[in-house]
Structures are given as structure tokens and as C-alpha cells.
1. Residue check: is Ala111 assigned to a strand (DSSP E or B) and out of contact with any Leu (no Cβ under 9 Å at 6 or more places or on another chain)?
2. Tell me whether the range 19-31 contains one or more residues that are more than 30 Å from Thr143 (Cβ to Cβ), modelled with pLDDT of 90 or more and part of a helix (DSSP H, G or I).
3. Residues that are at pLDDT below 90, among the aliphatic types (A, V, I, L, M) and out of contact with any Gly (no Cβ under 7 Å at 6 or more places or on another chain): does the range 54-77 have at least one?
4. For the list (1) loosely packed, with under 12 Cβ neighbours inside 10 Å; (2) in contact (Cβ under 8 Å) with a residue 40 or more places away in the chain; (3) of a type in the set (Asp, Glu), I need the number of the one condition that Glu123 fails.
5. If we scan the range 89-100, do we find a residue that is assigned to a helix (DSSP H, G or I), in contact with a His (Cβ under 6 Å, 6 or more places away or on another chain) and at pLDDT 90 or above?
6. Do we find a residue being at pLDDT 90 or above, in a helix (DSSP H, G or I) and among the aliphatic types (A, V, I, L, M) anywhere in the range 124-143?
7. Considering only residues of the range 68-77 that are assigned to a helix (DSSP H, G or I) and either surrounded by 13 or more Cβ atoms within 10 Å (Cβ to Cβ) or of a type in the set (Gly, Ala, Ser) (or both), which is farthest from the chain's Cα centre (by Cα)?
8. Would you call Leu48 part of a helix (DSSP H, G or I), of a type outside the set (Ser, Thr, Tyr) and touching a Lys or Arg at 6+ places or on another chain (Cβ under 8 Å)?
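The values are calculated or read from the model by the stated rules, or taken from the named source; none is laboratory data. Here the structure is a predicted model, which is why all the values come from computation and not from measurement. Cβ: placed from backbone, ideal geometry, glycine included. Neighbour counts: every protein chain shown.
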Amino acid sequence: MRADWLLLICLAAPLAGQQLDTTTTHASPTLVRYGKWATLAAAVGMGLQAAVAHQDADQAFDQLKDYCFTDLTHCDQRPSGAYIDPVAEQYYQASLGHDRQARRWLIGGEATLLVTAGLFVWELTRPRGPPRNIPFSPSLSVTDGRARMGLALAF
């Protein structure tokens, strides 16, 4: 027996009795493959929108503080907690509205980020076959003490 054949059989011994299956590939569906990137972009976009809404809420509250510091009577409140001065109340309501909007953007972004993580994990846990651009597929099997090697070429 030639030394190169002996070396090949020794290297292939761990595969003895196993048939290499190259006929099936478990590629992720197109929706998952591209959807994970779309949902990631949406999550980033929602996070940026939340930051803008939060900045708008801060700006409205700063306007309320500036308005109140010009004259302290502007900040007088009713027993219900609402401002007596309609301008001060308008600044306060604008601040609350932007805060609610920022919260909605954040919750949407977090939910979208969870979907993105799920899509990434789902795709990573899918079994993978060999790439489609490999022009040949080797096979090795051992039966009754005889090793059989095969090679399939794709054209």
C-alpha cells in the first residue's frame, strides 16, 4: 500500500461509517436574512427619535423654568397641581407631551431590538450546509472493513 493512501485513510478514519450529506442546505429565509437588518435599522431610528423627543421635552421644561424665573407668580398652581398662568401650563403640557412621545419611541425601539435579537439568534442556530459554490463533494464510508471514497463534481 502506498504511503499517501495510508495517510489519507488515517486522516479520514474519524469519518468512518459516516456519510457526508451535502445535498441539503438550511439557508435562512429571505425575510429573516434581510429582516434582521431592517429591524436593527428601525430600532436605531426609533432610538434617535426618542432622543429628539426627549430633547424637545427638556427644551419645553427649560422654557417653563425661564418663564417662572422672570416672575414667580407665573408658577402659582391650583390645588389640582395645574398652573394658574395659561402660558406656564402650556409649557408644562408640551414638556409632558414630548416625554410621552419619547417614552413611546423608546418602548417601540426596545421591542424592535428584541425582535432583531431574536432574528439574529434564530439564524445563528439554524443548521448550515456547505456553501453552494463548492464544485465537488467528497464522500467516505467504511463497510465490511473496506473504505469507499467518492467524489461528485457539479457542472
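1. In short, no.
2. no
3. Within the range 54-77, one or more residues are at pLDDT below 90, among the aliphatic types (A, V, I, L, M) and out of contact with any Gly (no Cβ under 7 Å at 6 or more places or on another chain).
4. Failed condition: (1).
5. Checked against the condition, which is being assigned to a helix (DSSP H, G or I), in contact with a His (Cβ under 6 Å, 6 or more places away or on another chain) and at pLDDT 90 or above, the range 89-100 yields no hits at all.
6. no
7. Looking at the filtered set, the residue picked out is His74.
8. Values: part of a helix (DSSP H, G or I): yes; of a type outside the set (Ser, Thr, Tyr): yes; touching a Lys or Arg at 6+ places or on another chain (Cβ under 8 Å): no.
It is false that Leu48 is part of a helix (DSSP H, G or I), of a type outside the set (Ser, Thr, Tyr) and touching a Lys or Arg at 6+ places or on another chain (Cβ under 8 Å).
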